Amino acid sequence: MAWLSRTRLLAVARKEVLQLRRDRRSLILAFVMPLVLLVLYSYAISWDVRHIATAVVDQDRSAKSRELLDAFRGSGYFLLDRHLDRVADAEPLVDAGRVQLVLVIPPDFSRRLGSGRPAEVQALVDGSDANTATIVVGYTQAVVQDFSARVLLRGATARLPLAADTRVWFNEELVSRNMIVPGLVAVIMMIIAAMLTSLTIAREWERGTMEQLAATPVSRLEVVLGKLLPYLGIGLVDVVVISVAGVLLFHVPFRGSPALFLVLSTAYLVGVLGLGLFISAVTRSQLLATQLGMIFTFLPSFLLSGFMFAISAMPPPLRLVTYLVPARYFLVVTRGIFLKGVGVEVLFVQGLLMIAFAALGLALAVRVFRKELA
Amino acid sequence: MSAAAGPAAPAVVADRLAKRFGAFTAVDDVSFAVAPREVFGFLGPNGAGKTTTIKMLAGLLLPSSGGGSVAGFDIATGTESIKRSIGYMSQLFSLYGDLTVEENLQFFSGLYGVPRARRAGRRDWVLEMAGLTEHRRRLTRDLPLGWKQRLALGSAVLHEPPILFLDEPTSGVDPISRRAFWELIHALAGQGTTVFVSTHYMEEAENCHRLALMNRGRLIALDAPAALRAGMREPILEVRAADSPRVAEALRDAPGVLEAGMFGRAVHVMVEDAAVARRAVLERLAARGLRVDGIAEVEPSLEDVFVAKVRAAGGAVAE
């Protein structure tokens, strides 16, 4: 008894294609969403901070203090459009999120500078967004340090309230985009692939077609693979489209082998599609499958893949969890191939892990998928 | 066909078949055998266990106890072989609404492994049989229910299975479509197919060679429709009156009356003795001020037989 018949497998695949062609929602999800997400996130996600809303409490009101504020304006990163009389006035503004930074220049600022003693400037930063706060502090330090150096050259000294930092936040735009676009290929494909397949088995249960399917000699493996094949094709088209768009629109380099990239993309996609089918087979409900699909792909691929946060900086238990996120492996592949042009000698570990994940995903989907009716 | 299913071997056997879902017993100790080429009817109200029995026979559900065979294959161990030998049409329409008539047929041809060379021929035969040749390119979801059911039947016989399971194939379908559907069933049986069909329409049951009456999971009678009627001992009085529902209500506890219920626009009254009960019935209706247009002893219908059998089995009709 053949448990994998080519005829039945192709019959299932062909049926999926026919259904997909008439399903506008899935078509949009398959062919429009990846590009929309790429463009959206490429612009939205940036580790560069600009237009920092700054409130100034200048208690000195001297030529020196104005010089310092001009230095802030001149950097191009700060918007100094609020001038307050008292520090207390700044609090409600920070609370409301209207101001990210409050610069307090004490009354004795220019007197101390003039007499060669260290002058202090206070910077109050809204720390509710830790990432942005770190960057704001970095920029502030850089501006103050620059100002301090100029004052020193003129024979005065100003001991600065914050330690000097030579971190290159400036002009970082190009680098961050190059990191983001290849990462987005992994993140977007995880979301799209799992979303596409998470609907397919659940739909058969909801519409009652599963009963007719169950009454035929088709095997579980044939159904799972037959449903997977068309989406694998779509997924590979998407990967190519996103990558080409990344190179053409965002001028991200592609230095590695396209063939190796496609092979590893296939391994990645099979795993993620298998995950979607698994979710679909477990839930038997399109709504639930979509929600679970989002939960299991969107957040992990963003947060636990190394896309947003470095895995090496995570606490050990969380680091263990990242091994279950296939985007983690593919992210190394995309960044490696796009930016470094590395080959199979570097990426074979990721490749093997993705193949293992694909095998696991498929095995689980086939195992959980019951043709028997309860 | 398997070697075990010779010409004399039954096409379908149920042997003390039972299915329990938790504390609820859906099918309780059911045994019967269906001969090849027979049109075997499964009659009973919703919830009688018809669908569960069919699903066990079709390899979609495993029995809790008991066993059986279909086309010579064991229903517990040979489900995959059974699925190759049968056509199955479920109670709810379950073809793909977003595929056209033709695409549905092509899909099921592939699943049933109809040889490539024969596919076009089988497809055309089914389209012709179901009267859907002109509508082959229409989306299935846009078809009227009666047509959908014919297409579902066609999809189930693409691979020319020796045995066909039809679970309430005509429920919700208008009477004319129902008649057309039964003509198809008889045509298939005439070509040698064993047809196992369930229904809750009594008049449809007359079309079957033999009938199994099911109630609350139990088989309460099994015979040819004529034999079932002939075997009924209790006489039936048919009362025609203007206000049938109130007449039926008034007669339920009249002396000598066993059962009273609506039958079309008349009332069928099952009694112990026709002559004695006739007087009691007329007295009761006169006392209640209900006008009677006519009263006569009639041949029992299958519905009467069913009611009597349920009564004899000591249980009310399941709802």
Problem set entry | Residue, surrounded by the fewest Cβ atoms within 10 Å (Cβ to Cβ), within the stretch B:115-169, restricted to residues that are among the small types (Gly, Ala, Ser) and under 30 Å from residue B:49 (Cα atoms) | B:146
For this session: Could you check, for the stretch A:216-230, whether at least one of its residues is touching a Lys or Arg at 6+ places or on another chain (Cβ under 7 Å), more than 14 Å from chain B (Cβ to nearest Cβ) and modelled with pLDDT of 90 or more?
Result: no
For this session: With respect to residue B:62, determine if the residue is surrounded by fewer than 18 Cβ atoms within 10 Å (Cβ to Cβ), within 13 Å of another protein chain (Cβ to nearest Cβ), under 30 Å from residue B:15 (Cβ atoms) and not small (Gly, Ala, Ser).
Result: yes
For this session: Give the residue that is surrounded by the fewest Cβ atoms within 10 Å (Cβ to Cβ), with candidates limited to residues of the stretch B:101-114 that are at the interface with chain A (Cβ under 7 Å from one of its Cβ atoms) and in a loop (DSSP other than H, G, I, E, B).
Result: B:113
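Let's see how each residue does on (1) assigned to a helix (DSSP H, G or I); (2) surrounded by 13 or more Cβ atoms within 10 Å (Cβ to Cβ):
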site: A:79; (1), (2): no, yes
site: A:91; (1), (2): yes, yes
site: A:116; (1), (2): no, no
site: A:120; (1), (2): no, yes
site: A:128; (1), (2): no, no
Seminar exercise, completed: Considering residues that are in contact (Cβ under 8 Å) with a residue 12 or more places away in the chain and more than 20 Å from residue A:57 (Cβ to Cβ), the number found within the stretch A:108-127 is 3
Seminar exercise, completed: Those residues of the stretch B:68-100 which are among the hydrophobic types (A, V, I, L, M, F, W, C) and either facing another protein chain (nearest Cβ under 9 Å) or over 21 Å from residue B:165 (Cα atoms) (or both) amount to B:86, B:89, B:92, B:93, B:95, B:99
Seminar exercise, completed: Reported set for the stretch A:246-274 where residues are among the small types (Gly, Ala, Ser) and touching a helix residue (DSSP H, G or I) at 6+ places or on another chain (Cβ under 6 Å) is A:246, A:256, A:265, A:267, A:271, A:274
Seminar exercise, completed: Here the residues within the stretch B:44-59 that are within 13 Å of chain A (Cβ to nearest Cβ) and assigned to a helix (DSSP H, G or I) are B:51, B:52, B:54, B:55, B:56, B:57
For this session: Out of A:191, A:180, report the one residue that is modelled with pLDDT of 90 or more and in the same structural domain as residue A:280 (by TED's automatic domain parsing).
Result: A:191
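Quick grid of which residues meet (1) hydroxyl-bearing (Ser, Thr, Tyr); (2) touching a Pro at 6+ places or on another chain (Cβ under 8 Å); (3) within 12 Å of residue B:39 (Cβ to Cβ):
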| position | (1), (2), (3) |
| --- | --- |
| B:173 | no, no, no |
| B:178 | no, no, no |
| B:182 | no, no, yes |
| B:188 | no, no, yes |
| B:193 | yes, yes, yes |
| B:201 | yes, no, no |
| B:204 | no, no, yes |
| B:213 | no, no, no |
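The values are calculated or read from the model by the stated rules, or taken from the named source; none is laboratory data. If you're wondering where the values come from, they're calculated on a predicted model, not measured in any experiment. For neighbour counting, all protein chains shown are included, and Cβ atoms are generated from backbone atoms with ideal geometry for every residue, glycine included.
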